[in-house]
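Student: Handing you a structure now.
The values are calculated or read from the model by the stated rules, or taken from the named source; none is laboratory data. As the structure is a prediction and not an experimental result, all values here were calculated from the model. Cβ placement follows ideal geometry from the backbone for every residue including glycine, while neighbour counts extend to all protein chains displayed. All accessible areas refer to the heavy atoms of the entire protein, side chains included, with ligands and DNA or RNA removed. Shrake-Rupley method; radii C 1.70, N 1.55, O 1.52, S 1.80 Å.
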Amino acid sequence: MKKRLVILGSSGSIGISALDVVAKNPERIDIIGLSVHSNIDLLRQQIEKFEPEYVAVSDPDSCRRFKDSFHSDKTVLLNPDIGIEYLAELEQADIVLNAVVGAAGLKASLKTVRAGKRLALANKESMVIGGELINKAAADSGAEIIPVDSEHSAIWQALFSGKKKEVRKILLTGSGGPFRELPLEEFDKITRARALNHPTWNMGPKITVDSATMMNKGLEILEAMHLFRVPVDKIEVVIHPQSIIHSMVEFIDSSIIAQLSSPDMRLPIAYALFFPERIAGDYGYIDLTEIGELNFYKPDFEKFVLLKMAFQIAETGGTAAAVYNAANEIAVEAFLKETIDFRSIPDIIINTVEKHNSVEGPSLEEILAADRWARITAREIMR
Ligand code: NDP
Ligand code: MG
């Protein structure tokens, strides 16, 4: 039986990589729904190639423009206000790949899980801010959540080597980003172009800046905590500049199990789509003798305060994670528009989080309210 897939965020870096996996496996998987926010030119090409039953354009202006010129007997264009959520629980779908960027992906993650479908999760922000709600919904519906984030895919795979109670530690690896070796005194000189030049991964702009501040690793700590339901003190960050080991699990007998491959997101995407099967492919193929050397370092928490902060946010719990995430989205957006400098990103987030009174065990409405409050507060701080 062919699997039927919906991709939310098909115009992004993950979405495009996922469509490449689909194109190479036409006998195994069909695209039945796609969403973009504003990139309607790319959507047009994707519709032509994959002939989905439904598409959504979530930005209302872009949707209007698209509607004016789009005619098809095979593909239905959904309304922008409901499109993504409709796709997230589309009856005909087996798997929904959530590759939307940011907190905008939360409602879709919840809908997919509530509908009992497999959620292939790239949108880490939804797990970071709504992990408890998503996990509860998955427990109620029996939905599977398979991580796409390369580190979490590696951990998922390594966890099969033992029982949950035998896990001593999760070793979350990170390249350290482009500024791993840059002294803190020189962070003033970091430009947008330098921050967007990641040493090992080619990704969308937001996550690339998150990697440069190491906020990405902070988000991944919180993501891992919820995905694998482990206390944060069992998660350790290891800097590994080559990005060949994508994370490890240490068991109580001191064995460490790792997953290795070259940094190519198509590998964890294919794994999440076809799990428990592995499909033949060369994505991420490595020759270890050519690589020769793998290095490991402790993270520098003084230089990368947002990484350190993730552990505090995990301890605080509740809506603190939504605020940490939303303030970051606002700060990164401003940095990408070159209205703030690189060093202001952590300052804005720290200041916003300090002003927040976290609500424990939040409902979806409370998470969304905290997210909205943090965006307003971060903008005020920037002004
Ligand atoms: P991109 O910026 O490349 O793509 C984002 C996608 O989301 C695009 O399709 C975009 O549409 C859509 N989008 C943007 N804003 C909204 C919105 N408000 N509502 C609905 N859709 C929206 O991001 P990436 O592909 O790099 O990342 C996607 C997610 O995957 C992120 O959560 C990221 O952290 C995670 N991830 C990414 C990795 C990577 O290698 N890129 C690795 C691990 C995780 P449009 O382009 O039409 O505006
Ligand atoms: Mg990652």
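Student: Nothing charged except the Cβ atoms of Lys and Arg (+1) and of Asp and Glu (-1): what's the magnitude of the dipole of the chain about its Cα centre? Round to the nearest 20 debye. If you can, show how the numbers build up before the last one.
Tutor: Details: 43 positive and 54 negative charges, 74 e Å.
Charge dipole, the chain, about its Cα centre: 360 debye, nearest 20.
Student: Would you please name the trypsin sites (Lys or Arg not before Pro) within segment 118-189 that are DSSP coil residues with at most 12 other C-beta atoms within 10 Å of their C-beta? Present the calculation step by step, with values, prior to reporting the outcome.
Tutor: Numbers: sites: ARG118, LYS124, LYS136, LYS163, LYS164, LYS165, ARG168, LYS169, ARG180, LYS189; in loops: LYS163, ARG180.
Filter output for segment 118-189: LYS163.
Student: Find the accessible area per residue for segment 324-383; the probe is 1.4 Å, ligands and nucleic acids are left out, and the unit is Å².
Tutor: On the way: 3100 Å² over 60 residues.
Heavy-atom accessible area per residue stands at 52 Å².
Student: Something else now. Within straight cross-link reach of LYS217, meaning Cα distance under 13 Å, which aspartates and glutamates are found once same-chain residues fewer than 8 apart are removed?
Tutor: Within reach: GLU125, ASP149, GLU151, GLU236, ASP300.
Student: Test of understanding: what is the full-extension gain from PHE187 to LYS337, defined as 0.36 nm times their sequence separation minus their Cα-Cα distance? If you can, show how the numbers build up before the last one.
Tutor: Working: separation 150, 0.36 × 150 = 54.00 nm, distance 1.79 nm.
Residue separation times 0.36 nm, minus the Cα-Cα distance, leaves 52.2 nm.
Student: Now a separate question. Which one of VAL57, MET127, VAL148 is farthest out on the positive end of the charge dipole of segment 1-153, using unit charges on Cβ (Lys, Arg +1; Asp, Glu -1) and the Cα centre as origin?
Tutor: VAL148
Student: Related question: Between PHE274, GLY292, SER261, whose Cα lies farthest towards the positive end of the dipole of segment 254-303 when Lys and Arg beta carbons carry +1 and Asp and Glu beta carbons carry -1, centred on the Cα centre?
Tutor: So the residue we want is PHE274.
Student: Then there's this: THR191: accessible area at probe 1.4 Å, nearest 10 Å²?
Tutor: Rounded to the nearest 10, that gives 70 Å².
Student: Need one number: convex hull volume per residue for the chain, Cα atoms only, in Å³. Could you put the intermediate results ahead of the total?
Tutor: Working: hull volume 54.7 nm³, N = 383.
It comes to 143 Å³ per residue, whole-number rounded.
Student: Roughly speaking, what is the stretch gain from ASP287 to ASN202, that is 0.36 nm per residue apart minus the C-alpha to C-alpha distance, in nm to one decimal?
Tutor: Contour length minus Cα-Cα distance gives 28.6 nm.
Student: Still on this structure, I have one more. With a point put 7 Å past each Cα toward its Cβ, work out how far ARG44 is from SER69 in nm, to one decimal.
Tutor: The two pseudo-label positions are separated by 0.3 nm.
Student: To continue, here is another question. Among DSSP bridges having both ends in the chain, what percentage is antiparallel? Round to the nearest 5.
Tutor: On the way: 9 of 37 bridges.
If I count the DSSP bridges inside the chain, around 25 percent turn out antiparallel.
Student: Can you tell me how much longer the chain between PHE275 and GLU236 gets when fully stretched, taken as 0.36 nm per residue apart minus their C-alpha distance, in nm with one decimal?
Tutor: Values: separation 39, 0.36 × 39 = 14.04 nm, distance 2.63 nm.
Result for the pair: 11.4 nm of gain on full extension.
Student: What percentage of the solvent-accessible surface of segment 143-302, computed with a 1.4 Å probe over protein heavy atoms, is contributed by carbon and sulfur atoms?
Tutor: Working: 3750 of 7280 Å².
Here it works out to 52 percent.
Student: Please check which bits of segment 224-238 a label hung off LYS164 would reach, taking the label as a point 7 Å along Cα-to-C-beta and the cut-off as backbone N under 17 Å.
Tutor: Within reach of a label on LYS164, which here means backbone N under 17 Å from a point 7 Å along Cα→Cβ, segment 224-238 contributes 224-235.
Student: Would you work out which of LEU34, ILE16, VAL101 lies farthest towards the positive end of the dipole of segment 1-106? Charges go on Cβ: Lys and Arg +1, Asp and Glu -1.
Tutor: The residue sitting farthest along the positive end of the dipole is ILE16.
Student: Do any of LYS24/LYS49; LYS163/LYS298; LYS3/LYS111; LYS3/LYS74; LYS107/LYS164; LYS124/LYS298 go past 21 Å between their Cα atoms, and which? Kindly include the intermediate steps, with their values, before the conclusion.
Tutor: Working: LYS24/LYS49 13 Å; LYS163/LYS298 27 Å; LYS3/LYS111 19 Å; LYS3/LYS74 19 Å; LYS107/LYS164 29 Å; LYS124/LYS298 24 Å.
Listed pairs above 21 Å: LYS163/LYS298; LYS107/LYS164; LYS124/LYS298.
Student: Could you please state, rounded to a whole Å, how far the C-alpha centre of segment 313-383 is from the C-alpha centre of segment 96-133?
Tutor: Going from one Cα centre to the other spans 19 Å.
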